1. Given the whole protein assembly as supplied and a 1.4 Å probe, what does the accessible area of LEU112 come to in Å², nearest 10?
2. What's the longest piece of the chain with no exposed trypsin sites (Lys or Arg not before Pro), counting a site as exposed if DSSP puts it in a loop and it has at most 10 other beta carbons within 10 Å?
3. Given the protein chains as shown and a 1.4 Å probe, how many square angstrom of GLU29 are accessible, to the nearest 10?
4. What does the helix-only formula give at 222 nm for the chain: each DSSP H stretch with n ≥ 4 adding -39500 (n - 2.57), the total divided by the residues, and the result rounded to the nearest 500 deg cm²/dmol?
5. Can you give me the accessible area per residue for the chain, using a 1.4 Å probe, in Å²?
6. Binning at 20 Å from 0, report for the chain what percent of all alpha-carbon pair distances ends up in each bin.
7. Using a simple spin-label model with points 7 Å from Cα along the Cα→Cβ vector, what separation in nm is obtained for LYS126 and ASP143?
8. Using all Cα-Cα distances in segment 1-82, what percent lands in each 10 angstrom bin from 0 up to the longest?
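The values are calculated or read from the model by the stated rules, or taken from the named source; none is laboratory data. In this text the structure is predicted, and so the values were computed from the model without any measurement. Here the Cβ positions follow ideal geometry from the backbone for every residue, glycine too, while neighbour counts run over all protein chains shown. These area figures cover heavy atoms from the full protein model, side chains too; ligands, DNA and RNA do not enter into them. Shrake-Rupley method; radii C 1.70, N 1.55, O 1.52, S 1.80 Å.
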Amino acid sequence: MGLHVETNSASWNRLVKMSPYAVSHHKHEVLSFSNKTVLPLIYEKRGDYILFPFNLSDNFGFRFVTVPVNDVASLLPNSPEAFSLLPEALDVVSAFLRRHHVDLLTVTAPFLLPRSYEQYLDDWFKARSVSVQVLFMDLFKRDGRSFESVWKSDFSKHARNRARKADKEGVEVREVEVLENWISDMYLCNMSSFHRQQRHPRYPHSDERAFLVYLNKHKELLGESFKVYGAFVKGRLVAYSATLEFNQLILVMLMMSLSEFMSKCPNDTLLRHLVQHACKDRFNWIYYSFDRVSHESERPSLHTTLRRFKFERGFREFPMKIYSLGLSRSGKFVQRLLSFYNFMFVSSAAFPPFVTDTLQKVYEMQRYRKSRYSYVKDTLS
């Protein structure tokens, strides 16, 4: 009863697997990936429980507690009956974090959970002068439908014709099981996609050897949940998609392709394959990236947009809230600072092109250095 820290990873994973809302990122081994400090809390009452899968980090003298992945993995109830425990559980957890000198708490209301879950979170956080950021997720929701129904109602005529063209061009999709055999083609797909989308090549995707290590680490850590599907033309891999599949969700981590084969529509047949797979194997969601502004907004986006491609194939926009709450005087300062940073980051898309390009290059170089450091550290360990 009450709140406790779960030190046994097997016990934690057993509770994760029992929840209908769990994703792979809730698992203990994923929480602790890249040597992150894990704070796995459980609040239990009358047989119901809520998991708090926290990562603890120190930045510039401030202590942050966050959920593992904003997009999909947040506080995890074991059932709908546990939703009503959220207010009292958050009271107890926030008091616990304050006693341990945590400055800032960040959690989310993922799309996987019902609206009533978000309402409990919303009511609790908004009563405490929280900062709220909204991300707009691009999602396919099956809702119990067959692929034939989705194909006729959700795929546009243009999308259906492109998928049929891929079939006529001899494009075949199958799972890539031996990554070493196809890593050179996958690396070329990465570099071609970066160039086509005018994006700075990011690490480790821009280094063939490092990218193989990256993929194998995911495969070793995630097991059967991690999949790579390739689109092949005459025995050559011309596009691929890496996914994370667990419980209700297929999460599209990567989708890359060779520009010289785009006329054969390999991405179209890859996405059709994922939707077929979801319908056949009873996944309820496919998640394929997000944006910081709504497609209905007049504000420009910093992201390379593939929305038309996705929306013509059954994907729709779902808003998701990120709550940040300062738990100390220092934390309230950081909360305001982060809120201003997020506003400026989104607004920067409207800056003159040369300013936006410079900021984007700086951002990509920071990601490059950070990811390269993580790769070297993990390799040495």
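1. Around 10 Å² of this residue is reachable by solvent.
2. With a cap of 10 other Cβ atoms within 10 Å, the longest stretch comes to 47-233.
3. For GLU29, the solvent-accessible surface is approximately 70 Å².
4. Mean residue ellipticity, 222 nm, calculated: -13000 deg cm²/dmol.
5. Details: 18530 Å² over 381 residues.
Accessible area per residue, the chain: 49 Å².
6. The distribution over the chain is 25, 59, 16, 0, given as percents.
7. Distance between label points: 2.5 nm.
8. Calculated over all Cα pairs of segment 1-82, the distribution is 19, 54, 24, 4, 0 percent.
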